[in-house]
Amino acid sequence: MEEKKSNQNFYIESYGCQMNVSDSEIVTSILLKNGYFLSQDLKKANIILLNSCSIREKAELTIKKRLEQLEFLKKKKKIMFGIIGCFSKQMENFLIEEKKVDFIVNPNSYKEISNIIYHAKIGKRYLYAINRNETYENIKPFHINENKVTTFLSITRGCNNMCTFCIVPFTRGREKSSSPNSIIEKCKRLYKNGYKEVTLLGQNVDSYQWTENFNMKKNIDFSDLLNLIAKENPFLRIRFSTSNPHDMSDKVLKVISKNPNICKHIHLPVQSGSNKILKLMNRKYTREEYLILIKKIRTIIPECSISHDIMTGFCNEEESDHQETISLMNEVKYDYGYMFFYSPRPGTYAYKKLEDNVPINIKKKRLKEIINLQKNHSYLRMKKHLGNVEEILIEGKSKRNDQYWYGRNTQNIIVVFPKKSSKIGELVHVKIIKNTSATLIGLIC
Ligand code: SAH
Ligand code: F3S
């Protein structure tokens with residue numbers, strides 16, 4: 001019962017992580033194949049999709065606010081609103097009960113989106129089984145709104161780790177990996193289409209696992225996959241995110257060190273420097289094991305940058321736990337990091353079983369402290385680049401000065417420099433002459 005979809009323009013907005021950006025490209029590809037049209041202009045669309053994030057309470061509030069902001073569009077013409085991506089059960093109930101949206105789509109069910117929209121249009125709810133094994137490996141993502149130089153590619157979906165604070169295993173389900181062939185083919189196609197860098201995505205890329213069942217059983221883990229991609233695409237820059245410290249193997253580090261086209265940066269969320277808190281979070285590594293891993297990274301890949309995620313104010317976090325986080329940061333001196341204060345997420349173990357007992361003003365005070373500390377560390381790390389000649393992939397115009405390009409070095413640090421005669425997508429050598437705590441400034445050699 002497929003209806004005619006000419007005049008079905010959809011507009012899509014992504015919130016949250018890189019995985020959502022990548023998912024929006026998958027959804028766009030599916031809708032285009034089903035006869036819908038992509039609109040770059042919100043006001044010209046008759047279907048508005050918000051790709052939602054629910055990792056923190058604030059993220060869900062942002063989506064609610066955005067829906068309110070967009071309500072005025074409904075007054076002018078018949079517009080359908082749909083929420084895709086990650087949302088908590090509470091958010092789902094709110095959206096349905098308050099009739100805030102016309103449909104919602106689970107991240108494992110994007111292939112059903114056309115049917116879901118059609119049924120919503122005739123006022124019916126479409127019932128579908130969620131495909132828990134979905135990897136979308138046979139969907140060619142449609143790259144929207146980007147520089148055509150760098151892009152994302154998901155290699156695993158979902159997560160099995162069950163960190164007690166995290167909603168991802170509930171919104172995205174169990175972990176599943178795409179086949180190595182599909183990933184390698186996609187990388188080759190990207191390079192053929194002019195892309196110079198791909199970031200392999202997963203909640204926990206290091207637990208990538210694929211078993212071939214042909215003549216013999218052969219397991220391909222993340223290190224094998226990285227090596228294969230790097231060797232098959234020697235001119236494509238490769239990045240990956242995120243690594244859970246518990247799953248990062250020496251083999252992966254060796255593969256990174258041996259392949260010049262794998263960028264020398266590891267995002268290694270620690271969350272806390274206190275063993276008591278790590279245990280409550282079910283992070284499956286100790287502070288000591290984490291620090292050993294940091295040492296290994298620095299021995300095997302000396303030029304590697306390391307970034308982090310840290311959360312303040314998790315359940316039962318005392319001042320002494322917070323001080324342990326500070327001392328861990330002082331020991332590692334990360335290049336940069338993402339910092340948050342804990343917010344309980346419905347459905348998680350922490351929400352159900354642990355008391356959210358750190359007052360919000362303390363959570364925020366601790367957060368401010370670690371943000372300031374990180375700023376100092378970032379500045380020190382950035383300073384170490386001064387005088388270096390580094391290889392930069394040009395991604396676009398600098399936001400502050402359109403006579404300057406911006407790009408990134410292998411360590412994933414933004415570098416800005418005067419354009420000269422270079423072009424977007426080129427790899428250039430830049431001498432670093434100045435720095436702030438977040439950016440390097442240089443000159444093309
Ligand atoms: N897979 C990644 C994390 C993905 S979520 C890992 O292995 O760590 C991104 C970050 O959001 C997390 O690292 C954590 O710091 C933060 N986060 C997750 N749940 C949160 C919550 N309930 N409150 C505050 N921050 C949270
Ligand atoms: Fe979340 Fe932990 Fe997985 S932070 S995404 S449950 S590794």
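The values are calculated or read from the model by the stated rules, or taken from the named source; none is laboratory data. Just so it is clear, the structure is predicted and the values come from calculations on it, not from any experiment. Don't worry about glycine lacking a Cβ; one is built from the backbone with ideal geometry, like all the others, and counts go over all protein chains shown. These area figures cover heavy atoms from the full protein model, side chains too; ligands, DNA and RNA do not enter into them. Shrake-Rupley method; radii C 1.70, N 1.55, O 1.52, S 1.80 Å.
The residue that is nearest to ligand 1 (Cβ to nearest atom), counting only those in the range 141-170 that are open to solvent by 10 Å² or more (accessible area, probe 1.4 Å), of a type in the set (S, T, N, Q) and closer than 21 Å to Thr28 by Cβ, is Ser154. Candidates are the residues of the range 412-426 that are outside any loop (DSSP other than H, G, I, E, B) and within 26 Å of Gly337 (Cα to Cα); the one that is farthest from the chain's Cα centre (by Cα) is Phe417. In the range 152-249, counting only strands (runs of 3 or more DSSP E) that sit wholly within it, the ones holding 1 or more residues that are out of contact with any Asp or Glu (no Cβ under 9 Å at 6 or more places or on another chain), assigned by TED's automatic domain parsing to the domain that holds Ile310 and within 16 Å of ligand 2 (Cβ to nearest atom) span 197-201, 237-241.
Selection of first residues in the range 244-267 that are under 20 Å from Asn409 (Cα atoms) and of second residues that are among the charged types (D, E, K, R) and in a loop (DSSP other than H, G, I, E, B), restricted to Cβ pairs under 8 Å at least 6 apart or on distinct chains, gives the following pairs, ordered by first then second residue: Ile256/Lys264; Lys264/Glu303; His265/Asp335. Just one of the listed residues (Val27, Val101) is among the aliphatic types (A, V, I, L, M) and assigned to a helix (DSSP H, G or I), namely Val27.
Residues checked against (1) open to solvent by 40 Å² or more (accessible area, probe 1.4 Å); (2) at pLDDT below 95; (3) within 18 Å of the chain's Cα centre (by Cα):
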position: Thr211; (1), (2), (3): yes, yes, no
position: Met216; (1), (2), (3): yes, yes, no
position: Ile220; (1), (2), (3): no, yes, no
position: Ser223; (1), (2), (3): no, no, no
position: Asn227; (1), (2), (3): yes, no, no
position: Ile238; (1), (2), (3): no, no, yes
position: Pro245; (1), (2), (3): no, no, yes
position: Asp250; (1), (2), (3): yes, no, no
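The set of residues in the range 267-311 that are more than 16 Å from His377 (Cβ to Cβ), in contact with a Lys or Arg (Cβ under 8 Å, 6 or more places away or on another chain) and assigned to a strand (DSSP E or B) contains only Gln271.
Considering only the range 313-330, I want to know if a residue exists there that is surrounded by fewer than 18 Cβ atoms within 10 Å (Cβ to Cβ), within 12 Å of ligand 1 (Cβ to nearest atom) and of a type outside the set (Gly, Ala, Ser). No.
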